[in-house]
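Take a look at the structure set out below.
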Amino acid sequence: MRIIFATMKAVRQYGLEGTRIQTVSDLAGVSPGALYRYFDSKDQLIVECFNYVDQQAAAIFEHLMLNPLTMLTDPMEAVRRLWSPYFRFWVAHPDETVFYHRFRDSAFFPEYDKARDFSYFNTFIGMVRLFKRAFPALERINQDLLWLHILTSTVMYAKYVVEGTLPDDQETEDTIFQLLTTGLSGYLRPESVPARQGS
């Protein structure tokens with residue numbers, strides 16, 4: 001874990017390309033030889049860091065409760081109760097946020113993403129299914145694009161906060177949420193049931 005955290009710190013300071021095994025070793029307080037006992041290469045180390053952070057982010061949804069009543073009576077508030085802890089996680093973990101954003105934005109990511117294991121996001125996926133059952137109009141949106149927009153944009157805005165470009169305050173969080181969910185509210189309406197003839 002010291003090596004993983006040191007790697008993310010190095011990537012935040014020097015970028016993916018600029019990070020060297022010697023730098024990581026120095027930050028972790030281990031020799032390069034000791035580092036290679038755990039990881040075969042820098043590429044493997046970078047992937048393990050991403051897997052670690054991705055699983056930590058997914059675990060947030062394991063501890064959240066989706067209230068079906070709130071989902072139906074105030075769907076945007078239900079979305080916010082899921083989104084806000086996710087956003088706060090990234091703001092509270094600056095090295096992880098900058099690392100995650102840089103890795104996802106790298107040329108290496110698309111190839112990695114093809115073979116990626118998403119099973120640790122099953123709880124989140126289950127929550128999405130509940131929303132889609134309650135609001136069938138959501139099926140009309142390209143699902144990959146929708147969740148890519150919300151999840152990766154959240155990380156991008158959190159990166160701006162941890163880098164000091166945006167202030168870390170409630171107004172920032174409120175504005176980001178509004179920007180990310182503009183247009184979504186039109187789909188979060190129950191389908192109307194057609195009236196029966198003669199009634």
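The values are calculated or read from the model by the stated rules, or taken from the named source; none is laboratory data. These figures come from a predicted structure and were not determined experimentally. Positions of Cβ are generated from backbone atoms using ideal geometry, with glycine treated the same way; all protein chains shown enter the neighbour counts. The protein model used for the area step is the full one, side chains on, heavy atoms only, and it has no ligands, DNA or RNA in it. Shrake-Rupley method; radii C 1.70, N 1.55, O 1.52, S 1.80 Å.
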Exercise. Rounded if a/c is under 1.5, else prolate if a/b is larger than b/c, else oblate: which is segment 18-117, with a ≥ b ≥ c the root eigenvalues of its Cα gyration tensor?
Worked result: prolate
Exercise. Straight-line reach from Lys159: which lysines have Cα under 23 Å away, leaving out those fewer than 8 places along the same chain?
Worked result: Lys9
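Pull out a ≥ b ≥ c, the square roots of the eigenvalues of the alpha-carbon gyration tensor of segment 104-148, then state rounded if a/c is under 1.5, prolate if not and a/b is larger than b/c, and oblate in the remaining case.
oblate
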Problem set entry | Rel. contact order, % - alpha carbon contacts under 8 angstrom, at least six apart, the chain | 23
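At 0.36 nm per residue, and after removing the present C-alpha to C-alpha distance, how many nm does the segment from Thr172 to Arg88 gain when stretched out fully?
Numbers: separation 84, 0.36 × 84 = 30.24 nm, distance 1.16 nm.
The span from Thr172 to Arg88 would gain 29.1 nm if fully extended.
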Exercise. Alpha carbon centre of segment 134-164 versus segment 55-75: separation in Å?
Worked result: 15
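May I ask you to give the solvent-accessible area per residue for the chain, in square angstrom, as obtained with a 1.4 angstrom probe? Display every interim value, and only then the final one.
Numbers: 11320 Å² over 199 residues.
Dividing the accessible area of the chain by its residue count gives 57 Å².
When the chain is fully extended, how far beyond the present Cα-Cα distance does Gln143 get from Ser31, taking 0.36 nm per residue of separation? Write out the running numbers ahead of the final one.
Numbers: separation 112, 0.36 × 112 = 40.32 nm, distance 4.51 nm.
Going from the current span to full extension adds 35.8 nm.
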For this session: With runs of 4+ DSSP H residues as the only contributors, calculate the mean residue ellipticity of the chain at 222 nm using -39,500 (n - 2.57) per run, divided by the residue total and rounded to the nearest 500.
Result: -21500 deg cm²/dmol
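How much of the accessible area of the chain, in percent, comes from carbon and sulfur atoms when a 1.4 Å probe is used? Walk me through the intermediate numbers first.
Working: 6050 of 11320 Å².
Reported share for carbon and sulfur atoms: 53 percent.
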For this session: Determine how large the accessible area of Lys132 is when every protein chain is in place; take a 1.4 Å probe and give Å² rounded to the nearest 10.
Result: 50
For this session: Sticking with the crude label model, points 7 Å out along Cα→Cβ, report the distance from Thr123 to Leu69 in nm, one decimal please.
Result: 2.3
